[in-house]
Structures are given as C-alpha cells and as structure tokens.
Amino acid sequence: MPAVNKQQIVEEIASNISANYGIDDAIVNDFKTMMMNAMAQYYVYDNDQAKANRKAAKGKTAASDAPKKPRKTSAYNVYVKKMMQSADLKEVPQKEKMTKIGAMWKALSEDQRAAYKADADAENSANPALADTATEATTA
C-alpha cells in the first residue's frame with residue numbers, strides 16, 4: 001500500500017466541498033481540522049526519514065543515534081553471572097532463578113560481598129571504555 005499524504009487528501013476533500021456546495025471558509029477550515037485529527041490514527045509515514053525529521057523537529061532523537069555509555073559492573077552483576085552458571089540453578093525457570101539469586105545475595109554477609117566487589121572493580125579497571133569515562137568525570 002503506497003504511503004498517503006493526509007494533508008493532501010484533506011485539502012482535496014475540502015476544496016471539493018467548498019467548490020461544489022459553496023460552504024463558508026470558516027466551516028471548511030473547521031472540517032479540515034476535524035479530518036486531520038480523525039485521520040491521525042490511520043496516517044502512514046511516507047518513509048523513515050520523514051518520521052525522523054518529525055522527531056527531530058520535536059527535539060527527540062532516535063535511541064540508536066546516541067552512542068551508549070559504558071556501565072560499570074557491580075558486585076551484584078558479578079554474583080549473578082556466577083550463580084547463573086551454578087549447577088544448583090540450571091533447571092530452575094528464569095523468573096524463579098532471579099528471585100532465588102536476589103534472596104541469596106541479600107543473605108550474604110558484607111565480607112562475602114566484598115569478594116564480589118573486588119572482582120567487579122577488577123573487571124571495571126580492565127575495561128578501557130570505563131577508564132575513558134572516569135577521566136571525563138574527573139576533568140568535568
């Protein structure tokens with residue numbers, strides 16, 4: 001189905017009504033507004049570029065345009081990675097698995113968590129993308 005320009009359709013209908021029935025311009029303009037609003041839900045964008053242009057005009061950008069900022073690995077992330085590989089949780093459904101891992105994390109002592117924190121710090125320091133953001137944060 002080819003893309004349709006709703007503005008063009010409404011203008012054509014309004015001009016036909018005005019020409020054929022001699023209706024006042026104010027009424028025709030009200031009709032145009034109503035038609036534009038009614039057609040909004042059926043509007044087909046003519047292409048992705050036009051959609052991007054409309055978003056840009058509203059001050060929005062596509063999520064894929066902005067580069068993703070690297071995120072630091074937390075001690076909890078390290079713990080979850082380790083627990084996901086454990087044999088005890090292999091057969092447990094995903095939702096239950098995450099619930100159990102969360103409960104097990106909460107049950108850990110601070111000393112046990114410190115080991116995972118050290119692993120996370122080591123992982124973060126080995127990531128060059130995070131090193132760049134750390135220097136940006138200190139210079140800003």
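Mind telling me which of the residues Val92, Val80 ends up being touching a helix residue (DSSP H, G or I) at 6+ places or on another chain (Cβ under 9 Å), in a helix (DSSP H, G or I) and at pLDDT 85 or above?
Step by step, each of Val92, Val80 is checked, and only Val80 is touching a helix residue (DSSP H, G or I) at 6+ places or on another chain (Cβ under 9 Å), in a helix (DSSP H, G or I) and at pLDDT 85 or above.
Identify the residue in segment 60-77 that is under 21 Å from Asp121 (Cα atoms) and exposed (fewer than 12 other Cβ atoms within 10 Å of the Cβ) and, among all such residues, is modelled with the lowest pLDDT.
Lys68
For segment 101-112, enumerate the residues that are under 32 Å from the mean Cα position of the chain (by Cα) and surrounded by 10 or more Cβ atoms within 10 Å (Cβ to Cβ).
Selection gives Ile101, Gly102, Met104, Trp105.
Here is a yes/no grid of residues against (1) modelled with pLDDT under 95; (2) part of a helix (DSSP H, G or I); (3) within 17 Å of Ser74 (Cβ to Cβ):
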residue	(1), (2), (3)
Thr99	yes, yes, no
Met104	yes, yes, yes
Ala114	no, yes, yes
Ala120	yes, yes, yes
Glu123	yes, yes, yes
Leu130	yes, yes, yes
Thr133	yes, yes, yes
Glu136	yes, yes, no
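Tell me, please, whether a residue that is over 30 Å from Glu123 (Cβ atoms), within 32 Å of the chain's Cα centre (by Cα) and either modelled with pLDDT under 75 or surrounded by 13 or more Cβ atoms within 10 Å (Cβ to Cβ) (or both) can be found in segment 19-35.
Within segment 19-35, one or more residues are over 30 Å from Glu123 (Cβ atoms), within 32 Å of the chain's Cα centre (by Cα) and either modelled with pLDDT under 75 or surrounded by 13 or more Cβ atoms within 10 Å (Cβ to Cβ) (or both).
Quick check on segment 84-100: of everything there that is of a type in the set (A, V, I, L, M, F, W, C) and within 29 Å of the chain's Cα centre (by Cα), which residue is nearest to Asn124 (Cα to Cα)?
Met84
The values are calculated or read from the model by the stated rules, or taken from the named source; none is laboratory data. Remember, predicted model here, so these are calculated numbers, not experimental data. FYI the Cβ positions are ideal-geometry reconstructions off the backbone, even for glycines, and counts take in every protein chain you see.
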